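Structure record follows, encoded as structure tokens.
The values are calculated or read from the model by the stated rules, or taken from the named source; none is laboratory data. Source: prediction; values computed, not measured. Note that each Cβ is placed from the backbone with ideal geometry, even for glycine, and that neighbours are counted across all protein chains shown.
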Amino acid sequence: MTTTSVVGAEPTWGEATAIGARRLAAVTAAAGLLGLLVGGVGGRLAMLLLAQLNPEVAGMQSDDGFTIGQFTAATFNLLFVATLIGIVGGGIYFVLRGLMIGSRWFQILSISVGPAVVVGSQLVHTDGVDFTLLDPPLLAIALFVLIPGIYAALLTVLAERWLREDGFFATAPTRVAVLPLLLWAPIAPALILLALGLVAYEAVRRTDRGAAVLARPAWRSLARAGLTVVFAVSLVALVQDTTTLA
């Protein structure tokens with residue numbers, strides 16, 4: 001049974017919690033799946049490609065502790081970690097999705113380019129093995145910038161589809177719809193912090209003064225400006241590292 005409320009009435013805390021849990025579960029399911037496939041499998045395929053182009057480094061340890069060119073038990077750790085990172089990315093998307101602007105194509109473009117640059121700047125570095133011994137370096141950089149970009153683009157497409165009011169997560173029994181939230185178990189503190197933040201936001205929104213303050217467009221503009229600054233700083237760092245490696 002789905003949770004409903006009287007049209008035009010403020011949902012009760014119980015109703016709001018159920019709706020929020022369903023929506024977070026939908027995003028979590030999409031994020032975990034894409035983290036596994038794009039981040040985990042895609043990342044492993046990227047390393048295999050680079051290993052094929054650089055047979056002399058086969059058997060060496062990558063900067064993340066994985067054996068280049070070989071399928072080992074550590075590969076399963078990569079898939080697990082990539083899934084968890086994908087879930088965290090889903091939590092970030094859940095919080096920030098309301099800041100998207102423009103037509104749908106622009107939303108998908110911006111939501112993919114941003115994470116591609118920000119995450120890519122964290123992955124690309126000028127020391128270690130991954131980007132100094134693997135040739136061509138520009139290919140390695142492109143692959144590990146492309147992976148988070150593809151993940152983010154597919155996330156907004158899949159998550160928004162699963163968030164539809166006629167979708168499974170909105171219509172299935174609550175105890176079934178929220179099952180994907182169990183994927184947060186290995187990183188439960190992150191889920192607790194996210195939940196506390198959402199509860200705090202909802203509590204403020206339910207007050208007259210809080211609702212008036214949160215309704216001001218300036219808050220969204222300020223948040224977008226902050227994201228723009230993060231993007232710009234990350235872009236500069238990525239360009240600098242790429243120039244050094246190339």
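Considering each of Gly91, Gly114 in turn, give the residue that is under 19 Å from the mean Cα position of the chain (by Cα) and under 21 Å from Ala26 (Cα atoms).
Sole residue among the options that is under 19 Å from the mean Cα position of the chain (by Cα) and under 21 Å from Ala26 (Cα atoms): Gly91.
Take the residues in region 37-59 that are in contact with a Leu (Cβ under 6 Å, 6 or more places away or on another chain) and among the aliphatic types (A, V, I, L, M); name whichever of them is modelled with the highest pLDDT.
Across region 37-59, the extreme among qualifying residues is Ala46.
For region 176-206, how many residues meet the condition of being touching a residue at least 60 places away in the same chain (Cβ under 8 Å), in a helix (DSSP H, G or I) and not charged (D, E, K, R)?
13
Taking interchain pairs and intrachain pairs at least six residues apart, which have beta carbon atoms under 7 angstrom, with the first residue in region 111-122 and more than 7 Å from Val145 (Cα to Cα) and assigned to a helix (DSSP H, G or I) and the second modelled with pLDDT under 90 and of a type in the set (Gly, Ala, Ser)?
If the second residue must be modelled with pLDDT under 90 and of a type in the set (Gly, Ala, Ser), no pairs are left.
For region 134-173, what are the residues that are under 21 Å from Leu53 (Cβ atoms) and in contact with a Phe, Trp or Tyr (Cβ under 6 Å, 6 or more places away or on another chain)?
Scanning region 134-173 gives Pro137, Ala140.
Looking at the structure I just gave you, is Leu109 surrounded by 14 or more Cβ atoms within 10 Å (Cβ to Cβ), closer than 24 Å to Leu227 by Cβ, touching a Leu at 6+ places or on another chain (Cβ under 9 Å) and aliphatic (A, V, I, L, M)?
Judged against the criteria, Leu109 is not a match.
Out of the residues in region 207-221 meeting the condition of being surrounded by 11 or more Cβ atoms within 10 Å (Cβ to Cβ) and in a helix (DSSP H, G or I), tell me which one is modelled with the highest pLDDT.
Step by step, filter region 207-221, then rank; the result is Ser221.
Output the residues belonging to region 185-215 that are within 19 Å of the chain's Cα centre (by Cα) and of a type in the set (A, V, I, L, M, F, W, C). Don't jump to the end; show me each part of the working.
At the first step, the residues of region 185-215 found to be within 19 Å of the chain's Cα centre (by Cα) are 185-195, 197-198.
Answer for region 185-215, where residues must be within 19 Å of the chain's Cα centre (by Cα) and of a type in the set (A, V, I, L, M, F, W, C): Ala185, Ile187, Ala188, Ala190, Leu191, Ile192, Leu193, Leu194, Ala195, Leu198.
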